[in-house]
Each structure stands twice: as C-alpha cells, then as structure tokens.
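Undergrad: Here it is: the structure, laid out below.
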Amino acid sequence: LVDYSIDDRFLIVTYLRRQLPDRMVCYDAATHEVVHSSDVHTKDFDATIAHHPNGRLIAYENSEAAIVFWDMVDRKELRRFRLGYSINDCCFNSTGSELALVASDGKTLSFIDTETGAENRRLQSRDPKASPLISIAWSSDDKLVAACRLDASIEVWSVPQQRLCSIMQGHLSTITSV
C-alpha cells in the first residue's frame with residue numbers, strides 16, 4: 001500500500017515483511033523524512049489506514065488490534081482504542097467525527113466516535129451465507145456507506161436509518177476496495 005494524505009503533505013507506505021510484523025511508515029512528502037512508523041495489522045496485503053479529512057491525522061489498526069489516531073504534523077499519538085476484534089477496513093466520515101469499521105468477521109459494520117471510542121451504531125449483515133465484507137467508504141453527505149464483499153457485490157447502507165438500501169451485483173471480478 002502506498003498512499004498520499006489528502007493534502008499531499010505525507011506519503012504512507014506499508015511494508016510487508018516475512019517473519020516480522022508488517023510495518024507502516026509515514027514520510028514527509030517534501031523532505032522524505034520519516035514522520036512516524038509502526039507495526040500494523042494487514043489483511044491480504046493491505047493495511048487498514050484511514051486519512052482524516054483535515055489532512056494531518058491518520059487512523060490505523062496496529063498489530064495488537066487497536067485503532068491508533070496519529071497526528072502526522074505534531075508527530076504524536078493522540079489516542080488509541082482497543083476494539084476487542086480485528087478489522088478489514090476503516091474510513092472517516094466527512095467531518096472526521098466518526099470512523100466506520102468493517103469487522104474481520106466480515107458481517108459487521110461498526111461506527112465509532114473518534115474522540116471517545118464509543119460505538120455509535122452497529123449494522124449487521126442478515127445473510128449468514130454471504131461472502132465477507134472487506135472494504136467500506138462513506139458518501140460525501142455521510143448518509144450512506146458502501147461496503148464491498150469478496151463475491152463482487154456492493155452493499156449500500158443508510159447510516160441514519162441503519163438499514164440496507166441496496167445490493168449491487170453483477171460485477172465480473174472481486175472488488176477489493178470502495
């Protein structure tokens with residue numbers, strides 16, 4: 001995984017290392033100086049890292065299955081929340097006040113307050129035979145989230161109504177990110 005922050009000030013690189021924990025490194029994009037590095041939890045060659053809309057914060061799952069909020073400008077950890085479960089993906093809403101998570105069980109979408117770590121809501125897939133959810137994205141108005149499954153389908157959920165709105169099927173291959 002290689003990704004720029006929203007404002008292009010930082011470059012985030014995930015290194016997959018054999019027989020060692022995988023590593024995430026944040027670089028200053030202009031100077032190439034290391035701003036932060038940490039062992040991270042990876043799923044199928046992809047680390048779980050979300051960029052805050054302000055461009056200076058990231059959230060990531062570390063190797064102990066905790067969500068860590070890191071300020072790349074001030075170069076310090078702001079907070080961390082132990083979830084009690086691992087995640088497949090996470091994404092900030094447009095204001096950065098809430099983080100949507102796909103639990104590693106592949107069935108649960110959880111929404112946590114980024115200041116307190118409190119779970120605001122939880123959405124559960126009703127089909128026990130469904131392929132696992134692997135990635136999530138917010139709509140720009142924060143009313144919908146889209147989550148993709150390994151079976152090449154996409155579920156669209158209403159966040160305020162806490163219900164599944166639609167399932168988009170018929171894609172020709174696996175969708176790994178939305």
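The values are calculated or read from the model by the stated rules, or taken from the named source; none is laboratory data. In this text the structure is predicted, and so the values were computed from the model without any measurement. Neighbour counts are summed over all protein chains in view; Cβ atoms, including those assigned to glycine, are modelled from backbone coordinates with ideal geometry. All accessible areas refer to the heavy atoms of the entire protein, side chains included, with ligands and DNA or RNA removed. Shrake-Rupley method; radii C 1.70, N 1.55, O 1.52, S 1.80 Å.
Undergrad: Any idea what Rg and Dmax come out to for the stretch 77-178 if you just take the C-alpha atoms, in Å?
TA: When restricted to the Cα atoms of the stretch 77-178, Rg and Dmax are 13.2, 42 Å.
Undergrad: Follow-up. Within 14 Å, Cβ to Cβ, of GLU119, how many net charges do the neighbouring residues add up to if Lys/Arg are +1 and Asp/Glu are -1? Intermediate results must be reported in sequence, preceding the final value.
TA: On the way: positive: ARG82, ARG121, ARG122; negative: GLU98, ASP113, GLU115.
After counting each charged neighbour, the total is 0.
Undergrad: Could you do me a favour and compute the accessible area per residue for the chain, 1.4 Å probe, result in Å²?
TA: Details: 9060 Å² over 178 residues.
Heavy-atom SASA per residue in the chain reads 51 Å².
Undergrad: Using only the alpha-carbon atoms, what does the stretch 84-142 span along each of its principal axes? Please give whole angstrom values in decreasing order.
TA: That gives 34, 26, 16 Å along the principal axes, largest extent first.
Undergrad: Also, quick follow-up: Which whole-Hz couplings ³J(HN,Hα) result when phi for each residue of the stretch 159-170 is put into the Karplus expression 6.51 cos²θ - 1.76 cosθ + 1.60, θ = phi - 60°, listed in order with x for Gly and Pro?
TA: Karplus values, whole Hz, x for Gly and Pro: 6, x, 8, 6, 8, 6, 8, 7, 10, 9, 10, x.
Undergrad: Considering only the other residues whose Cβ falls under 14 Å of the Cβ of LYS143, what net charge follows from Lys and Arg at +1 and Asp and Glu at -1? Please list the in-between numbers first.
TA: On the way: positive: ARG121, ARG163; negative: GLU98, ASP141, ASP142.
Local charge sum for LYS143: -1.
Undergrad: Right, another one. Could you pull out every residue, at least 5 positions away or on a different chain, whose amide H is within less than 5 Å of the one on SER86? Hs are placed 1.01 Å off N in the peptide plane, and Pro or chain starts have none.
TA: The list, which skips near neighbours in sequence, is SER104.
Undergrad: Projected area of the chain, taken from the Cα convex hull and averaged over every viewing direction, in nm²? Please list the in-between numbers first.
TA: On the way: hull surface 42.2 nm².
Approximately 10.6 nm², given one-decimal rounding.
Undergrad: Would you work out which of GLN124, VAL145, ALA29 lies farthest towards the positive end of the dipole of the chain? Charges go on Cβ: Lys and Arg +1, Asp and Glu -1.
TA: So the residue furthest toward the plus end is GLN124.
Undergrad: Moving to a separate point now. For the chain, with a Gaussian network of springs between Cα atoms less than 10 Å apart, report the residue from ARG23, ARG56, ARG75 with the top mean-square fluctuation.
TA: Among ARG23, ARG56, ARG75, the largest GNM mean-square fluctuation belongs to ARG75.
Undergrad: Just reorder TRP138, TRP157 by solvent-accessible area, largest first, 1.4 Å probe, all chains present.
TA: Values: TRP138 35, TRP157 10 Å².
From most exposed to least exposed: TRP138, TRP157.
Undergrad: On to the next question. Once neighbouring chains are kept in place and the probe is 1.4 Å, which whole percent of the accessible area of the chain is contributed by carbon and sulfur? Provide the component values of the computation, followed by the final result.
TA: Working: 4440 of 9060 Å².
Ligands and nucleic acids excluded, carbon and sulfur give 49 percent.
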